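Q: The structure follows.
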Amino acid sequence: MATVHLRIGDLVWGKLGRYPPWPGKIVSPPKDLKKPRGKKCFFVKFFGTEDHAWIKVEQLKPYHPHKEEMIKINKGKRFQQAVDAVEEFLKKGKGKEQSTDSKGRKAPAKPMKIIEEDDEDPFKGGSSDKELTDSDPEPSSVQRLVAGTVSGFKWESSPVKDDPHFHHFLLSQSEKPASSMETISKRLKIIEEDTGSTSIQAADSTALNGSITPTDKRIGFLGLGLMGSGVVSNLLKMGHVVTVWNRTAEKCDLFIQEGARLGRTPAEVVSMCDITFSCVSDPKAARDLVLGPSGVLQGIRPGKCYVEMSTIDHETVTELSQVITSRGGRFLEAPVSGSQQVSNEGMLVILAAGDRSVYEDCSSCFQAMGKTSFFLVGEVGNAARMMLILNMVQGSFMATIAEGLTLAQATGQSQQTFLDILCQGQMASSFVDQKCQNILQGNFKPDYYLKHIQKDLRLAISMGDSVNHPTPMAATANEVYKRAKALDQSDNDMSAVYRAYIH
């Protein structure tokens, strides 16, 4: 059995159930928070979030000896932000240590020797545990943490009692009542645009903030595709009461196991819930869901809220808004920008338009599923227009990247070198890196379906035609995607447009 020496102030990697290892710091728990019975554990405050929990010793590893290992097996923007927060903390800690007179420095707390109760390593590829060295930051100053000296790592009261991320770590033992989430008007910052319209952007990243208080409204969700599945998963994780429906009923099974309720039809879901979201593939599917047999419209009653999250044209969303409100319902369009991975991570960007009060009622839901949300003032359809423009740009860009990769190959250049150079320049992004790496590996597992980005290009071109605005770049890209669809790439990732150039 391995011996681990841990003490208050140590930087560690903490493992929470099925979530990836995350960097944190062992701190003193609040006085009113009882320590769980059973296996030995420490109270850990996680970097890059407002999350904190009791973590069992066997789920902890010292930060420095395992840093490179964890960086290799964990990816994602949130993870990198957390690691960056640790490095910033270390820099500030070393600066304070150097500026403090050695005679006035408090002696470090005596380390606590912990014997692991299990031999099994909870982390993949983990090496043996080692005691932290003297180069680690001084562990005695929890007060500095409480004072909030590091951005994104402040010790403040938050409603962790209802946070399902840490349900198994007994934070609910706290006797202190959880504070209510601030009203959305206090949590949002308002940006005036040149057009005179107002965008409202969430001041806090949802997925980075684990202290979300879920709404007490009953939530319905229709459509469990690549995007919808991630959204529902995050709604459940954050404690929302969710009823689900999907055309292919088997897709509901996993979410039922996670605590969701099952609706037999769209109409039944709407009638059971206060707010119902839908996220389906295209305008026809969105219209059929509302107007078809046992559809949404049959369940709408005065006061019921319907939120359309599908990426569709503004004509369709306007039609749906009219029929919903004609029955006394409240309507909001809220298409999302992202991919399956982004959806799973709770880092979507949400564009909303329509009933402002519905937007506010959806506050905790949008925080659970996205990092940022915008409310676009003006008529219903503005969010649909904006989303099509964004996806038009993304789709055209992806086709251009594929064209560059194949041209590099055709002229005898290294595709990997092309990617390396690209990722060091001004166009560097996680999107470029991920898509290009997938192409080079021949991995076209769908993160955003090629058929859907082609649909978005088609709708954007049509929108341009309706206002007599030229879209020649999008039109060219659309033809390349149509070629890829003819090569049976529809159900692959959008990066499979690459194959249109090599066949």
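The values are calculated or read from the model by the stated rules, or taken from the named source; none is laboratory data. Quick caveat, the model's predicted, so the values are computed rather than measured. Here Cβ is always computed from backbone atoms with ideal geometry, including for glycine, and neighbour counts include all displayed protein chains.
Q: Within the stretch 415-444, which residues are farther than 10 Å from S495 by Cβ and of a type in the set (D, E, K, R)?
A: D420, D433
Q: Does G220 fit the bill of being at pLDDT 95 or above, more than 18 Å from the chain's Cα centre (by Cα) and not in a loop (DSSP other than H, G, I, E, B)?
A: yes
Q: Further, regarding this structure: Has the stretch 454-470 got any residue that is modelled with pLDDT of 95 or more and touching a His at 6+ places or on another chain (Cβ under 6 Å)?
A: no
Q: Could you check the stretch 251-327 for helices (runs of 4 or more DSSP H) lying wholly inside it with 2 or more residues that are closer than 20 Å to A460 by Cβ and either in the same structural domain as D355 (by TED's automatic domain parsing) or in contact (Cβ under 8 Å) with a residue 60 or more places away in the chain (or both)? Please lay out each step first, then the result.
A: Details: elements: 253-257, 266-272, 283-291, 296-299, 314-326.
Filter on the stretch 251-327 gives 283-291, 314-326.
Q: Which count do you get for residues in the stretch 420-456 that are under 20 Å from the mean Cα position of the chain (by Cα), surrounded by 17 or more Cβ atoms within 10 Å (Cβ to Cβ) and outside any helix (DSSP H, G or I)?
A: Going through the stretch 420-456 one residue at a time, the tally reaches 4.
Q: Regarding D465, is this residue in a helix (DSSP H, G or I) and over 14 Å from S396 (Cα atoms)? Please lay out each step first, then the result.
A: Working: in a helix (DSSP H, G or I): yes; over 14 Å from S396 (Cα atoms): yes.
Taking the combined requirement at face value, the residue satisfies it.
Q: Could you tell me whether any residue of the stretch 359-366 is of a type outside the set (D, E, K, R) and closer than 19 Å to F431 by Cα?
A: Taking every residue of the stretch 359-366 in turn, none turns out to be of a type outside the set (D, E, K, R) and closer than 19 Å to F431 by Cα.
Q: Taking the stretch 322-337 on its own, how many of its residues are of a type outside the set (K, R) and either surrounded by fewer than 24 Cβ atoms within 10 Å (Cβ to Cβ) or modelled with pLDDT under 95 (or both)?
A: Number of matching residues: 8.
Q: Within the group G354, G395, G378, which residue is at pLDDT 95 or above and farther than 19 Å from S462 by Cβ?
A: Of the residues listed, the single one that is at pLDDT 95 or above and farther than 19 Å from S462 by Cβ is G354.
Q: For the stretch 477-502, how many residues meet the condition of being in contact (Cβ under 8 Å) with a residue 12 or more places away in the chain and either outside the structural domain of G395 (by TED's automatic domain parsing) or in a helix (DSSP H, G or I) (or both)?
A: We begin by selecting, within the stretch 477-502, every residue in contact (Cβ under 8 Å) with a residue 12 or more places away in the chain; these are 477-478, 480-485, 487, 489-502.
Restricting the remaining residues to those that are either outside the structural domain of G395 (by TED's automatic domain parsing) or in a helix (DSSP H, G or I) (or both) gives 477-478, 480-485, 494-502.
Within the stretch 477-502, residues that are in contact (Cβ under 8 Å) with a residue 12 or more places away in the chain and either outside the structural domain of G395 (by TED's automatic domain parsing) or in a helix (DSSP H, G or I) (or both) number 17.
Q: While we're on this one: Can you tell me which residue within the stretch 231-248, out of those that are assigned to a helix (DSSP H, G or I) and in contact with a Leu (Cβ under 8 Å, 6 or more places away or on another chain), is nearest to A267 (Cα to Cα)?
A: Checking each candidate, the answer is V232.
Q: Shifting gears a bit: Give the residues of the stretch 368-403 that are in a loop (DSSP other than H, G, I, E, B) and touching a strand residue (DSSP E or B) at 6+ places or on another chain (Cβ under 6 Å), sorted by residue number.
A: Within the stretch 368-403, L376, V377, V380 meet the criteria.
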